[in-house]
1. With (1) open to solvent by less than 50 Å² (accessible area, probe 1.4 Å); (2) at pLDDT 90 or above; (3) touching an Asp or Glu at 6+ places or on another chain (Cβ under 9 Å); (4) not hydroxyl-bearing (S, T, Y) as the list, and D92 as the residue in question, which single condition is left unmet?
2. Given (1) β-branched (V, I, T); (2) within 19 Å of K175 (Cβ to Cβ); (3) at pLDDT below 90, where does I250 come up short, assuming only one miss?
3. Across the stretch 245-269, which residue is farthest from T197 (Cα to Cα) among those that are open to solvent by 70 Å² or more (accessible area, probe 1.4 Å) and outside any strand (DSSP E or B)?
4. What's the total number of residues in the stretch 58-73 that are open to solvent by less than 100 Å² (accessible area, probe 1.4 Å), modelled with pLDDT of 65 or more and over 21 Å from L100 (Cα atoms)?
5. Identify all residues within the stretch 98-122 that are polar (S, T, N, Q) and farther than 13 Å from C135 by Cβ; write none if there are none.
6. Which condition number in (1) buried (at least 16 other Cβ atoms within 10 Å of the Cβ); (2) assigned to a loop (DSSP other than H, G, I, E, B) is the one that E119 fails?
7. When you scan the stretch 212-219, do you find a residue that is among the polar types (S, T, N, Q), in contact (Cβ under 8 Å) with a residue 12 or more places away in the chain and either assigned to a helix (DSSP H, G or I) or surrounded by 13 or more Cβ atoms within 10 Å (Cβ to Cβ) (or both), even just one?
8. Counting just the residues of the stretch 225-244 that are among the charged types (D, E, K, R) and farther than 23 Å from T197 by Cβ, which one comes out most open to solvent (accessible area, probe 1.4 Å)?
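The values are calculated or read from the model by the stated rules, or taken from the named source; none is laboratory data. From a predicted model like this one, the values you see are computed outputs, not experimental measurements. We place every Cβ from the backbone using ideal geometry, glycine too, and count neighbours over all the protein chains shown. Note: accessible area is taken over every heavy atom of the protein model, side chains too, but ligands, DNA and RNA are not part of it. Shrake-Rupley method; radii C 1.70, N 1.55, O 1.52, S 1.80 Å.
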Amino acid sequence: MLSGSEKELAVIEQKFTDNIGFNYVAFLKELQPGGEPQLKYNSLLSERTMLTEFRSTPSDTQPADIDKVLMKIKTKVWKERMRLLEFMRDYDKLRAGRILKSVFRRSLDMCKLMLVDSEVAALEIRYRSAKDPNCVDYLHFSEDIEAIFAMKGLEKNPLQKFEEFKPPIEVDENKLSPEKEVLLNMCMKRFAEKVRTNRMQLFPLFEDYDRVHNGMVSRSQFLRALTELDLGLVSEREFMVLFEKFDTKIGGRNDVNYLAFCDKIYDMAHFEKWRP
């Protein structure tokens, strides 16, 4: 411990005190002269920025088709009724409409969109900020996605026609053999005739089983709903064909897309859904 008289301490304090306070760095430098200390803050900050912000796709991976990527995201958002903006704008402290690429990727992960690196790379290229190439215009991205729910500027032009977004029907990719297609059409025509004759609504009963409101029911729930709707006897072979056609994989489980099933029945019955 250094000792000194009050007069000496006052002289030292007067010499090394500025508007901010006592400059102990200058005091120690004069007390124990030596080499300039290496300040590593800037180098560490630069290294951290490179590690967190630079997450490029592999050199042999090309960015995915942006139209397919946007359709994938729109379908996910439409099904789950989520707002991507809520996951991103909190990172934009200055409300500039853009965020770092690393933050953009983190936000997409939080949305659980299940995008691969090539798909994220396509989004970063499409929505790269003109003011900062290291940032993404998340506001523009969010507006493009949420346009499936409402048209921008519709309040200023209320007569403008809004086209409802229709996600691709996944069950169309379920291909059946010609024999099974014939059996499926016979079964669906029988259901459609019963629905048309009795003006039946199919959705309410299926929705009672759909607790998470994702348009899916389990295999057993689908069979139970068909029985309760009293659409006619369904053989085991017919039910297997129906399940194979409207089967959709959700979270590792095979469920039935009852929305696609009901829409198909209504189309064949030639009457508007939701109106008996």
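1. (3)
2. (2)
3. Initially, the stretch 245-269 is screened for residues open to solvent by 70 Å² or more (accessible area, probe 1.4 Å), giving 249, 251, 253, 264, 267.
Then keep just the ones that are outside any strand (DSSP E or B); that gives 251, 264, 267.
Details: G251: 37, K264: 16, D267: 14 Å.
Here the residue is G251.
4. Taking the stretch 58-73 as the starting set, the residues that turn out to be open to solvent by less than 100 Å² (accessible area, probe 1.4 Å) are 58, 61, 63-66, 69-73.
Of the ones still in play, those that are also modelled with pLDDT of 65 or more are 63-66, 69-73.
Now restrict to residues that are over 21 Å from L100 (Cα atoms): 65, 71-72.
Final tally of qualifying residues: 3.
5. Matches in the stretch 98-122: S118 only.
6. The number of the failed condition is (2).
7. The first filter runs over the stretch 212-219 and keeps only residues among the polar types (S, T, N, Q), leaving 214, 218.
Next, only the ones that are in contact (Cβ under 8 Å) with a residue 12 or more places away in the chain stay: 214, 218.
Filter once more, so that each one left must be either assigned to a helix (DSSP H, G or I) or surrounded by 13 or more Cβ atoms within 10 Å (Cβ to Cβ) (or both): 214, 218.
Yes, some residue in the stretch 212-219 is among the polar types (S, T, N, Q), in contact (Cβ under 8 Å) with a residue 12 or more places away in the chain and either assigned to a helix (DSSP H, G or I) or surrounded by 13 or more Cβ atoms within 10 Å (Cβ to Cβ) (or both).
8. As a first pass, look at the stretch 225-244 and keep what is among the charged types (D, E, K, R): 228, 230, 236-238, 244.
Restricting the remaining residues to those that are farther than 23 Å from T197 by Cβ gives 236-237, 244.
On the way: E236: 149, R237: 133, E244: 69 Å².
Only one residue fits best here, namely E236.
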